[in-house]
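Below: the structure, in structure tokens.
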Amino acid sequence: MRIVVVGDVMLDVDLSGEATRLSPDAPVPVVDVSGVRRRAGGAGLVARMLAEEGWPVTLVTVLGDDDAGRQLQDHLAGVRLVAGPSGYPSPVKTRVRAGSHAVVRFDQGCEKTPVPEVSPAMLQAVEEAGVIIVADYGRGVAANPPLRELLSRLAGQVPIIWDPHPAGPEPVPGVAVVTPNLSEAVKAAQALAHEAPQGGSGDQDQAAEAGRILLEHWGSQSVLVTKGEQGAVLLRNGNPVPHPVPAPRVEAGDPCGAGDRLAAGLAVHLLAGRHLEEAAALAVHDAADFLAAGGVSALPDRATGTADQESSTTSLNESRLRLAAERPSAGRRSTEPLLLARTVRKSGGTVVATGGCFDLLHAGHVRSLSAARELGDCLIVCLNSDDSVRRLKGPERPIIGQHDRAELLLAMECVDAVLVFDEDTPEAALERLRPDIWVKGGDYKGARLPEADLVESWGGRCLTVPYHPARSTTGLADALAKVS
């Protein structure tokens, strides 16, 4: 199922260096520029994030016929691009950064322009979506009437995540979730209700009240008000009780791209069939993992194939350790599995994956997982969801829910990440991960693994690890039933 990102793109330019002195002409810092990086911003950044993780993604947008527009096309390599002409210069945003701190930003071609036209090919690409992200950056794509009419019709058929902008239009009614940050939500609610949202002095109360106002006026299925390091608050249509979504504490110097990463995570998890509460919790942690791993500076430069030197010195493993110390009790993962696999591969490491239900962890599981981890540089466990286990094992299973099963696995030192899948077999999960080695227990020894053809199609290998008889989940469950 293809993810379609709809919205405005711009060219982001980062000038990075050190500031050790003031200018003799004015009391301003002098930045000795040591690096220049360019990347696709706005909706282009969302699409890039998804493409880097191996998702089939289409970007529907408009581009200027200029040098910046051509650079944007280069930086969107790997993304299926369906673009019409904007008729105006491409917007360019240039940030000057001293160390990890932004000093100033210059905007070129960012003035308001008329709403652009959309082509039949653009509308057709939107209709092919399994999930849609509207990444509105106030440049008019999301305000196009035929496009809005199509999105209104699709809202009841596919999940739509709408990331709004203060200068953009309201979301179309019926979208699955709208994701304003706290400042945007409060300002929009104030404009709609003609008064500031009340409900207490804390951000939680203010976010909840603003979310209720927006939910009523926008007619969306839900509103997720994000609050940076404080997480988010989810408001659902028909449910007056706000649902807090906590975020892990991470050390991040530059929050740029966190909202885009959250929208991308929501799309991925909703496409996988997860409930909105679970998708929101996972997306918040995806954003935290993204920032902890270096944020936009850690994304490879399409022109050079390298990441920002400063960010690349902080390894993903160090980020994982910081995050693992603060795992929440519900569905926490040590890191986003697709991001981990991509990072390990790019560093020349070996990605190992294994799978199963892991309903009741026992010594056999521990030994097999430890042996699998020894085969490479990371171990990702593909875990059957609760629905998948019920179909495979019967209505009485699982004994332990998928959130707790994932947390128990992540508590093991040998497990680096968990990817929950809803299908009966792990093929779809493997297609996304593309591990170098797929491991099963030794009870398969002597038989060709059912996943072998798929894994070998990208050059991977299938291996078995020692099997430990007399240790099984079924046996353990039967023994527990007799005791009770």
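The values are calculated or read from the model by the stated rules, or taken from the named source; none is laboratory data. The structure presented is a predicted model; accordingly, all values stated were derived computationally and were not measured. With ideal geometry, Cβ positions are generated from the backbone for all residues, glycine too; neighbour counts draw on all protein chains shown. For accessibility, only protein heavy atoms count, side chains too; no ligands or nucleic acids. Shrake-Rupley method; radii C 1.70, N 1.55, O 1.52, S 1.80 Å.
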Members of segment 427-479 that are open to solvent by 80 Å² or more (accessible area, probe 1.4 Å), more than 26 Å from LYS346 (Cβ to Cβ) and either at pLDDT below 55 or among the polar types (S, T, N, Q) (or both): LYS445, GLY446, PRO469, ALA470, ARG471
Hits in segment 109-123 (condition: free of Cβ contacts under 8 Å to residues at least 24 places away in the same chain and not charged (D, E, K, R)): PRO120
Pick from segment 157-176, criterion more than 12 Å from ALA135 (Cβ to Cβ) and out of contact with any strand residue (DSSP E or B) (no Cβ under 7 Å at 6 or more places or on another chain), ranking: most open to solvent (accessible area, probe 1.4 Å): GLN157
Set VAL268, VAL284: member being in contact (Cβ under 8 Å) with a residue 60 or more places away in the chain and part of a helix (DSSP H, G or I): VAL268
Among the residues listed as SER90, SER86, the single one being in contact with an Asp or Glu (Cβ under 7 Å, 6 or more places away or on another chain), at pLDDT below 95 and among the polar types (S, T, N, Q): SER90
Boolean, ARG342 is surrounded by 19 or more Cβ atoms within 10 Å (Cβ to Cβ) and out of contact with any Cys (no Cβ under 7 Å at 6 or more places or on another chain): yes
Residue in segment 191-205 that is farthest from the chain's Cα centre (by Cα), counting only those that are in a helix (DSSP H, G or I) and either more than 20 Å from ASP163 (Cβ to Cβ) or modelled with pLDDT under 65 (or both): ALA193
Filter result (buried (at least 23 other Cβ atoms within 10 Å of the Cβ) and under 23 Å from GLN124 (Cα atoms)) within segment 77-97: SER86
Restricting segment 37-61 to residues that are modelled with pLDDT of 90 or more and more than 18 Å from ALA129 (Cβ to Cβ), the residue that is most open to solvent (accessible area, probe 1.4 Å): ARG38
Qualifying residues in segment 213-262 (those that are at positive phi and either among the aromatic types (Phe, Trp, Tyr) or under 17 Å from the mean Cα position of the chain (by Cα) (or both)) - the one surrounded by the fewest Cβ atoms within 10 Å (Cβ to Cβ): GLY228
Where SER370 falls short, out of the listed (1) among the polar types (S, T, N, Q); (2) crowded, with 20+ Cβ neighbours inside 10 Å; (3) at pLDDT 90 or above: (2)
Filter pass, GLY35 being in a strand (DSSP E or B) and more than 23 Å from THR113 (Cβ to Cβ): yes
Tally, over segment 408-424, of residues that are more than 19 Å from the chain's Cα centre (by Cα) and surrounded by fewer than 19 Cβ atoms within 10 Å (Cβ to Cβ): 7
First in segment 141-156 and open to solvent by less than 30 Å² (accessible area, probe 1.4 Å), second anywhere and at pLDDT 95 or above and among the basic types (Lys, Arg), Cβ under 8 Å, 6 or more apart: ALA142/ARG148
Per-region count, segment 373-389, residues more than 14 Å from PHE421 (Cβ to Cβ) and surrounded by fewer than 22 Cβ atoms within 10 Å (Cβ to Cβ): 5
Leading residue by the ranking (farthest from the chain's Cα centre (by Cα)) among those in segment 12-47 that are within 23 Å of ALA121 (Cβ to Cβ) and of a type in the set (A, V, I, L, M): ALA40
Residues of segment 269-281 that turn out to be among the aliphatic types (A, V, I, L, M) and surrounded by fewer than 23 Cβ atoms within 10 Å (Cβ to Cβ), as a count: 3
Output for segment 1-32, where each listed residue is open to solvent by 10 Å² or more (accessible area, probe 1.4 Å), in contact (Cβ under 8 Å) with a residue 40 or more places away in the chain and not in a strand (DSSP E or B): MET1, ARG2
Subset tally (residues that are open to solvent by 10 Å² or more (accessible area, probe 1.4 Å) and under 18 Å from GLY69 (Cα atoms)) for segment 120-137: 1
